[in-house]
Amino acid sequence: MMEKTAKIFVAGHRGMVGGAVCRALAAAGYSNVVTRTHSELDLLDPAAVRTFYEAERPDVAVIAAARVGGIGANSAANSRFLYENEMIAMNTVWGAAEAGVKRLLFLGSTCIYPRMAPQPIPEDALLTGPLEKTNEGYALAKISGLKLCEFLRRERGLLYHSLMPTNLYGQGDNYDIEHGHVLPTLIRKFETAKDRVILWGTGSAIREFLHVDDLAAACLFALSMDDPPDLMNVGSGEEVTIRELAEAVKTATGSTAEIVWDSTKPDGTPRKLCDTSLIRSLGWAPKISLKEGLALAVASYRAELAAGTIRL
Ligand code: GFB
């Protein structure tokens, strides 16, 4: 169990996940949270990260910083997704170990699993087959990060462990049409559509979506455990085809636009449902259904747009 006075470094606090983790920590009474903006600390610079850890000496680090994006961004720039995410993972995890940080939670993604993994995907499917090509760079970097945590835990007795969330959405999402993930992109497309919206692929791919506040609760849950598993999946268990998601977003936004599919764009991995029996057996469960979450996400989009804080 973490002390309420523990000094907790949240890397990536301006992102959707880091922001949700900071809100959850504050709500749970953790007031000693340390953050750095990108301009204050470049996580790609190993020396800067080491200097930061040595100056701050946090008790706990939560690594929510990453270059993230949807299928368009990943497939166009696998090299950048590999390089930046590898550097962030190595610098934040290795730097923490070198500075004596005793506990660290590393966040990845279920795209670490093989493209044709058994569904729902159990944690032990890791490294059993080839990865999905559209996000191979991102996946390789995240696999390195979680393995570094595992090795450090085994070799140095540090309590470094990882969570692999499924596709996330919610407050503070990125609504960039070309680079965003499917759910926020669809919200923006339907919110701004006149007569029709053009969606990518065939709509047949199947995805599982988890509200970011449910992930933040899972992070606090994992951090409360004295002996957490090295790796745990975090998902909602609720699967939809992209076609069903499109209809649900259309309803949630109140749009009447016609949906047109651009099948020259990739579908990506055919199905990606993670097996969450491990984390559920230990006591965590999601609370926000996709229907409720979509209503919250549309409200967030409108509020962020009105406030001028939206990431487009
Ligand atoms: O969230 P997304 O971009 O990425 O979802 P992945 C892609 C699925 O939604 C594909 C379809 O089947 C697309 O064909 N889609 C339909 C659209 N219309 C759109 C649209 O307007 N925009 C987008 N983006 N997709 C990501 C990985 O994979 O998942 C990351 O690239 C990460 O590395 C993340 O793991 C969680 O689910 O395929």
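The values are calculated or read from the model by the stated rules, or taken from the named source; none is laboratory data. Because the structure is predicted, anything quoted here is derived from the model rather than measured. Methodologically, a virtual Cβ is constructed for each residue, glycine included, from the backbone with ideal geometry; neighbour enumeration extends over all protein chains shown. To get the accessible areas, we keep the full protein, side chains included, count just its heavy atoms, and leave off ligands, DNA and RNA. Shrake-Rupley method; radii C 1.70, N 1.55, O 1.52, S 1.80 Å.
At-a-glance table
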read-out: Count of lysine pairs in the chain with Cα separation under 17 Å (8 or more residues apart, or interchain); value: 11
read-out: Ranked by how many other beta carbons lie within 10 Å on average, peptides 47-54, 221-228 from highest; value: 47-54, 221-228
read-out: Protein accessible area in region 2-103, 1.4 Å probe - carbon and sulfur %; value: 53 percent
read-out: Solvent-accessible area of Tyr83 with every protein chain in place, 1.4 Å probe, in Å² to the nearest 10; value: 120 Å²
read-out: Amide H contacts under 5 Å for Gly180, placed H, 5+ residues apart; value: Gly70
read-out: Heavy atoms of His38: accessible area, 1.4 Å probe, square angstrom to 10; value: 140 Å²
read-out: Calculated FRET efficiency for the pair Ala303/Glu178, C-beta based, R₀ 25 Å, to 0.05; value: 0.60
read-out: Under the span-like rule (Cα at least 18 Å along the axis, Kyte-Doolittle mean at least -1.0), DSSP H helices of the chain; value: 78-98, 136-156, 290-307
read-out: Overall form of region 154-225 per C-alpha gyration tensor (a/c, 1.5; a/b vs b/c); value: prolate
read-out: Protein-only accessible surface order, largest first, of Lys291, Lys4 at 1.4 Å; value: Lys291, Lys4
read-out: Percent breakdown of C-alpha pair distances by 5 Å bin, ordered from the shortest bin, for region 1-43; value: 5, 25, 30, 23, 12, 6, 0
read-out: 5 angstrom amide H check on Trp200, placed H, neighbours 5+ away; value: Asp262
read-out: 17 Å reach of a label modelled at Ala76, 7 Å along Cα-to-Cβ, counting backbone N of region 120-144; value: 134-138
read-out: Cα lying deepest toward the dipole's positive end in region 168-308, options Ile177, Leu215, Val234, charges on Cβ; value: Ile177
read-out: Spherically averaged projected area in nm², based on the convex hull that wraps the Cα atoms of region 146-274; value: 9.0 nm²
read-out: Once the Cα gyration tensor of region 11-75 is diagonalised, semi-axes √(5λ) in Å; value: 22, 19, 8
read-out: Nearest-0.05 FRET efficiency for Arg311 and Glu98, computed from C-beta distance (R0 25 Å); value: 0.15
read-out: Accessible surface ranking that places the most exposed of Thr241, Thr5 first, with a 1.4 angstrom probe; value: Thr5, Thr241
read-out: Per residue value of the accessible surface for region 176-312 (all protein chains in place, 1.4 Å probe), Å²; value: 45 Å²
read-out: Whole-number D in µm²/s for the chain (Stokes-Einstein; Kirkwood sum over Cα pairs; 20 °C, 1.002 mPa s); value: 109 µm²/s
read-out: Structure-based [θ]222 nm, the chain - -39500 (n - 2.57) summed over DSSP H runs of at least 4, per residue, nearest 500; value: -13000 deg cm²/dmol
read-out: Length gained when the stretch Lys194-Asp262 is fully extended (0.36 nm per residue, less Cα-Cα span); value: 22.7 nm
read-out: Expected-Rg normalisation [2.2 N^0.38 Å, Cα atoms] applied to region 58-179; value: 1.07
